[in-house]
Amino acid sequence: MGELLAQAWTVARKDLVLEFRTRTALVSAIVFTALVLTVFNFGRDPTAVPTIDLAPTILWVTFTFAAMLALNRAFQLELENQALEGLLVSPLSRTSLYWGKLIANLVFVAVVEAVGLPLFVLFFDVPVGHVLVPLIGVIALATLGFVAVGTLFSALVIRTRFAELLLVVILLPFLVPPLIGAVQVTARLLGGRPLSESVGYLKLLAAYDIVFVSLASFLFRFTVDE
Amino acid sequence: MSLTQKGRWITVVALVCLAAVYVRALAFTPVERLQGPAQKIFYLHVPAAIWTETAMILVGLAGIFYLFLKDPRLDRFAEASAEVGTVFATIVLTTGPIWGKPIWGTWWTWDARLTSTLLLFFLYVGYLLVRGAVRDPVLRARYAAVLGICGMCLVPFIHMSVFLFRTLHPQPIILKPSAPSLPSSMLVTWLFSLAAFTLLYVGFVTQRYALSLVRDAHGGARPGHV
């Protein structure tokens, strides 16, 4: 387990160093998030629809799109100069390669969300101060689910034609159960309802994370080998 | 008798059974007191829905066994089952609105059960698209198996959302922990219909399987491939 995590961290650190040195993908994803939030502002009638009713939708549609954007690049950058083959012949276990990619994607998406959440609060004037800790908890739970499945699928489509388009098409149905859970919990939190009302959805999110992280860790080896 | 002919015969028998089901349903089964004749669609809708989900689970199981045994027959079966599942999902999504319009007053509503069937349909379409986008048969089978297994694991999550989300859809009448709550004459008609749909599934899958055998024998040319 220790070695697995050490190897995973090596892969994740490589990706993150690459990401933070070039910054193009990260900055694009952040700007994209800000743009989606801006577009949402014009996609409603502010005099007819109170922001608080639409807030969970805005937040989660934005985060879903941002996550998918991030996932597309996870294996794309390994295609250049056959970098993926290099990773595969290195003495890394497939599971630690998956975990490394998962960690790097999680950090990437977390950074985008860390910028997106304050922007969302600023643009739509939604008070989140009193529920900040549970809200971050829900975002973390749902994001783990998104990224776990997304990392597996981005490895799966990388050698197919129309990889970017295909990833979105196969990934979205899988994002709906965690999305339903996340939106429902967020709506209850922002509406000032007690956390105990959301227990069912939180269990659903947790179960989804456990099932799909373990499943993807196991299945990943079948997607990268030639 | 060749496999294609066997499949054709099973399908013919299944279609005759289905016609018999409807003779029985229309002439010899009581009319439901509240829903009137619209309820008759239940004999088509529910068996198709059951086989839509079962076909996805069979795709997943075939995927698991494929990853261990590498037997191309399992992959052919998964492909056939996914295509038949798509057809059955289409039946569910067409018969549902036809019933929904007189009973609910709307063709479509974003009810959990409708949404989950639609998701299952998208899952099937995504699965078939991935199959179409990979040229190498071994890679294609492996990717499809991974996606099929994930799809199978998504089905319970889709189901959980049914019980968490408020729903307009009638609660289960037959497949539920307590005894079925419908008159025995309706139950018999329904069971007869379920048997007809089972035969229909077997007939369709057999024909589709035979078709992929012919395709593989002719060098694996696939539609849409240059």
Being farther than 17 Å from B:L191 by Cβ and not in a helix (DSSP H, G or I) is the filter; apply it to segment B:1-31 and report the residue that is least open to solvent (accessible area, probe 1.4 Å). B:S2
Subset of segment A:144-166 that is more than 10 Å from chain B (Cβ to nearest Cβ) and open to solvent by less than 10 Å² (accessible area, probe 1.4 Å) - its residue that is nearest to B:R142 (Cα to Cα): A:S154
Would you say A:V133 is surrounded by 15 or more Cβ atoms within 10 Å (Cβ to Cβ) and β-branched (V, I, T)? no
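Let's see how each residue does on (1) more than 7 Å from chain A (Cβ to nearest Cβ); (2) out of contact with any helix residue (DSSP H, G or I) (no Cβ under 8 Å at 6 or more places or on another chain); (3) open to solvent by 40 Å² or more (accessible area, probe 1.4 Å):
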site	(1), (2), (3)
B:L114	yes, no, no
B:L119	no, no, no
B:L129	no, no, yes
B:V138	yes, yes, yes
B:A141	yes, no, no
B:A144	yes, no, no
B:I149	no, no, no
B:L154	no, no, no
Across (1) within 13 Å of chain B (Cβ to nearest Cβ); (2) within 14 Å of the chain's Cα centre (by Cα); (3) of a type outside the set (S, T, N, Q), A:A114 clears everything bar (1)
Within segment A:43-53, identify whether any single residue is within 23 Å of A:F146 (Cα to Cα) and part of a helix (DSSP H, G or I), and answer yes or no. no
Complete set of residues in segment A:181-210 that are among the β-branched types (V, I, T) and open to solvent by less than 40 Å² (accessible area, probe 1.4 Å): A:V183, A:V185, A:T186
Restrict the check to segment A:180-203 and report whether at least one residue is assigned to a helix (DSSP H, G or I), facing chain B (nearest Cβ under 10 Å) and in contact with a Leu (Cβ under 6 Å, 6 or more places away or on another chain). yes
Considering only segment A:62-85, state which residues are over 12 Å from A:A155 (Cβ atoms), open to solvent by 40 Å² or more (accessible area, probe 1.4 Å) and either among the β-branched types (V, I, T) or at pLDDT below 85 (or both). A:L69, A:L77, A:E80, A:N81, A:Q82, A:E85
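The values are calculated or read from the model by the stated rules, or taken from the named source; none is laboratory data. Since the structure is predicted, the reported quantities are computational estimates derived from the model, not experimental observations. Every residue, glycine among them, receives a Cβ derived from its backbone with ideal geometry; neighbour counts consider all protein chains shown. For accessibility, only protein heavy atoms count, side chains too; no ligands or nucleic acids. Shrake-Rupley method; radii C 1.70, N 1.55, O 1.52, S 1.80 Å.
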